Amino acid sequence: MMIAQTAARLREQIAQFSGNLSQGLCKSARRLVQEAIYGIQARQSVHLTEIARSLEEKIPLIKTENRLSRNLARPQLRTTLQDALVRQGAKRMGRDTLLILDLSDLVKPYARKMEYLSRVPDGSEGKIADGYWLCQVIGVENEGNEITPLYGELYSSQAKDFVSENREILQALRKVSRAVGEKGVWVIDRGGDRGAVYQELIPQHKRFIVRQVGDRHLLCGPRPELALQIALDASLPYQTQIVREVKGKEQVFHLSYGFRAVRLPDYPQVPLFLVVVKGLGESPWMLLTSLPMRRNRRRLWWVVSAYLTRWRVEET
């Protein structure tokens, strides 16, 4: 009895959620969204065959699968769901919620006939493999655990409509920014250390934390210097330790951190800060941020922990 009641409540919640996501779609597409969400939850799989099994329709399984496949091909489905997802997620964003933009990959090692398969770096295996690129944005509070998906786009450099990686990144930044307004702090890995990203963030007065590759010249005083050299020369007056799991075992890391006031040569009037962290690898972490820094341990640690949160979410 309890199981039946729980299942009924779950279906009701899924119907409400899917209805919000699928507003503006036709009846068949709205049905697809509701059935897909239910099937993924019920079978813990995104395979159409498994989703079809969860529906338990009194027709041959292949007929259900063909119906799902046919409706998935609707051209307006992706953009409608993507726009609805960011609108819904934006309601949960606070002023200092981290907006984590991540460039990743989806490896398809056994695929042979999937459209526009591209060569991508398999981060988990450390090699190049067939698959697709993934640009996604999630929201999470600093040092928090509950994530909110905001944007996701799977793309291939072999597709006919592909323009550039910069275009994919800027599209993600713009769509999420339109939805969240002035809320949030953008946190981006080294893949975001590029001129096109700063050209989008700085004129729009966005708050951001971008990890540096180290080969960018920054103005530190009147002269341009390499970010890596600035980091190596920086005073690191604060220390702390963190515990992270490495290869299944807990490991203690002793961190030293500090900051230097810097500017980008293209925006010499905009004050920025390079937060430097040593103790997590051979090279120091270099986090370029528009957040105002001063000699305050708590304020400085907020930036460090924000990037640690991005790192933890990515690993998860």
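Of all residues in the range 80-91, those that are closer than 14 Å to Gly184 by Cα have Cβ atoms under 6 Å from Cβ atoms of residues that are modelled with pLDDT of 90 or more and aromatic (Phe, Trp, Tyr), 6 or more apart or on another chain, in Val86/Tyr151.
Applying the criterion of at least 1 residues that are open to solvent by less than 20 Å² (accessible area, probe 1.4 Å) to the strands (runs of 3 or more DSSP E) found wholly in the range 202-285 leaves 208-211, 217-220, 249-264, 267-278. Could you run through the range 87-108 and say how many residues are closer than 29 Å to Asp130 by Cα and outside any strand (DSSP E or B)? So the count comes out to 1. Residues that are part of a helix (DSSP H, G or I) and at positive phi within the range 168-187 are absent altogether.
Per the listing Ile138, Ile128, the residue uniquely open to solvent by 10 Å² or more (accessible area, probe 1.4 Å), without any contact (Cβ under 8 Å) to a residue 24 or more places away in the chain, in contact with an Asp or Glu (Cβ under 8 Å, 6 or more places away or on another chain) and not in a loop (DSSP other than H, G, I, E, B) is Ile128. Out of the residues in the range 286-316 meeting the condition of being open to solvent by 50 Å² or more (accessible area, probe 1.4 Å) and touching a residue at least 24 places away in the same chain (Cβ under 8 Å), tell me which one is farthest from the chain's Cα centre (by Cα). By that ranking, first place goes to Arg295.
The values are calculated or read from the model by the stated rules, or taken from the named source; none is laboratory data. Note that the structure is a prediction, hence the values are computed from the model and not measured. Cβ atoms come from the backbone with ideal geometry, glycine included; neighbour counts cover every protein chain shown. Just the protein is used for accessible areas: all its heavy atoms, side chains included, with ligands, DNA and RNA removed. Shrake-Rupley method; radii C 1.70, N 1.55, O 1.52, S 1.80 Å.
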